[in-house]
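The values are calculated or read from the model by the stated rules, or taken from the named source; none is laboratory data. What you see is a predicted model, and the numbers here were worked out from it, not measured in a lab. When we count neighbours, we look across all protein chains shown, and the Cβ atoms used for this are built from the backbone with ideal geometry, even at glycine.
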Amino acid sequence: MSKKSVHKEFSKHSKQYNNYNIIQQIAAKAMIRDVKSKAKNILELGCGSGQVYKNISWNFDSYTAMDFSSSMCELHPKNTKTTVKCLNFDEDAFFSYLDDKHYDLVLSSSALQWSKDLGRIIQKLSCITNELHAVLFTSNTFKRIQNISKKKSPILSEEKIKDAFLKYFSCEFETILYKLEFTSKKDLFNYIKKSGVSGETKLSFKEAKSLYKEYDLNYLEFEVIYIKAFKK
């Protein structure tokens, strides 16, 4: 999938994002709840407007938050202990920035599934930290929509995500299917448009009309995988 298209979608709806990222907020809170190390030096990838950061209750010495969307970076909380960097984790500048760094903990929630080369990122992270906690959407998100539209998900599969992490870390995985209910079909489809999860999956007017007509559920499916990874 095109990184530019994902960037465009997140930036376009950045001001409304906190109203349409319910599942992302649930995932971020659950991920932080599993962190036991109370790390002092933290890196977060795909920080968005700060949903992970806002759930951290312990004291830290430094927090580096990264996102490829400048609009999201503007919304993220900032203070003397927090550095916000606008970097794309698929580009060389990101890897160069990490060359001389080390972090007690790396976090990433609802972001890494968009990577063009997840294995390359995980390999780099294995060089700069001993502990990584992440949450990724899997390709089973919006599965009913995929079945109707015959459009393949732009998101990585659960199997590919696991393979990328297990090559460099010892991991614990938990996969959960969330169902988000709506009172009307209009609200449901509006959520898809503004949630940032659909990426660049585009439908023609005819395809969209057919999908709207055939979609027979009052909920959307979101499958997420929680990962606790420790350096081998």
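Which count do you get for residues in region 113-158 that are of a type outside the set (Gly, Ala, Ser) and more than 22 Å from residue 37 (Cα to Cα)? Explain how you work it out, then say what you get.
If we filter region 113-158 for residues that are of a type outside the set (Gly, Ala, Ser), which is where we start, we get 113-114, 116-118, 120-125, 127-133, 135-138, 140-148, 150-152, 154-156, 158.
Retained after the next criterion (residues that are more than 22 Å from residue 37 (Cα to Cα)): 113-114, 116-118, 120-121, 137-138, 140-148, 150-152, 154-156, 158.
Of the residues in that region, 25 qualify.
Of the numbered conditions (1) of a type outside the set (Lys, Arg); (2) assigned to a strand (DSSP E or B); (3) over 30 Å from residue 215 (Cβ atoms), residue 135 fails exactly one; give the number of that condition.
(3)
Matching residues to (1) hydroxyl-bearing (Ser, Thr, Tyr); (2) in contact with a Phe, Trp or Tyr (Cβ under 7 Å, 6 or more places away or on another chain):
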| residue | (1), (2) |
| --- | --- |
| 90 | no, no |
| 97 | yes, no |
| 107 | no, no |
| 110 | yes, yes |
| 116 | no, no |
| 119 | no, no |
| 124 | no, yes |
| 132 | no, yes |
| 160 | no, no |
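Under 8 Å between Cβ atoms, which residue pairs at least 6 apart in sequence (or on different chains) link something in region 142-163 that is within 22 Å of residue 217 (Cα to Cα) and in contact (Cβ under 8 Å) with a residue 60 or more places away in the chain with a partner that is in a helix (DSSP H, G or I) and charged (D, E, K, R)?
148/214; 149/207
Restricted to region 15-31, and to residues that are at pLDDT 90 or above and crowded, with 20+ Cβ neighbours inside 10 Å, which residue is farthest from residue 128 (Cα to Cα)?
Among those that are at pLDDT 90 or above and crowded, with 20+ Cβ neighbours inside 10 Å, it is 27.
Test residue 170 against the criterion of being closer than 28 Å to residue 43 by Cα and buried (at least 17 other Cβ atoms within 10 Å of the Cβ), and give yes or no.
no
If only one of 81, 143 is surrounded by 15 or more Cβ atoms within 10 Å (Cβ to Cβ), of a type in the set (Lys, Arg) and either over 23 Å from residue 27 (Cα atoms) or touching a strand residue (DSSP E or B) at 6+ places or on another chain (Cβ under 8 Å) (or both), which one is it?
Working: 81 fails: surrounded by 15 or more Cβ atoms within 10 Å (Cβ to Cβ).
The match here is 143.
Pairs only if they're at least six apart or on different chains, beta carbon under 8 angstrom, first in region 86-108 and under 15 Å from residue 230 (Cβ atoms), second surrounded by 11 or more Cβ atoms within 10 Å (Cβ to Cβ) and of a type in the set (Lys, Arg); list them, first residue then second.
Sorted first by the residue in region 86-108, then by its partner, the pairs are 104/40.
Looking at region 205-212, is at least one residue surrounded by 14 or more Cβ atoms within 10 Å (Cβ to Cβ), part of a loop (DSSP other than H, G, I, E, B) and over 20 Å from the mean Cα position of the chain (by Cα)?
no
Filter region 177-187 down to the residues that are surrounded by 14 or more Cβ atoms within 10 Å (Cβ to Cβ) and either under 17 Å from the mean Cα position of the chain (by Cα) or assigned to a helix (DSSP H, G or I) (or both) and list them by number. Even if it seems obvious, please write down each step before you answer.
Taking region 177-187 first, the residues surrounded by 14 or more Cβ atoms within 10 Å (Cβ to Cβ) are 178, 180, 182, 185.
Within region 177-187, 178, 185 qualify.
Just to be sure before I move on: is residue 35 at pLDDT 95 or above, surrounded by 15 or more Cβ atoms within 10 Å (Cβ to Cβ), within 26 Å of residue 221 (Cβ to Cβ) and among the hydrophobic types (A, V, I, L, M, F, W, C) in the structure I sent?
Numbers: at pLDDT 95 or above: yes; surrounded by 15 or more Cβ atoms within 10 Å (Cβ to Cβ): yes; within 26 Å of residue 221 (Cβ to Cβ): no; among the hydrophobic types (A, V, I, L, M, F, W, C): yes.
Taking the combined requirement at face value, the residue does not satisfy it.
For region 21-122, give me every one of the strands (runs of 3 or more DSSP E) that falls completely inside it and has 2 or more residues that are under 14 Å from the mean Cα position of the chain (by Cα). Steps first, please.
Details: elements: 41-45, 62-67, 82-86, 105-109.
Where strands (runs of 3 or more DSSP E) fall fully within region 21-122 and carry at least 2 residues being under 14 Å from the mean Cα position of the chain (by Cα), they are 41-45, 62-67, 105-109.
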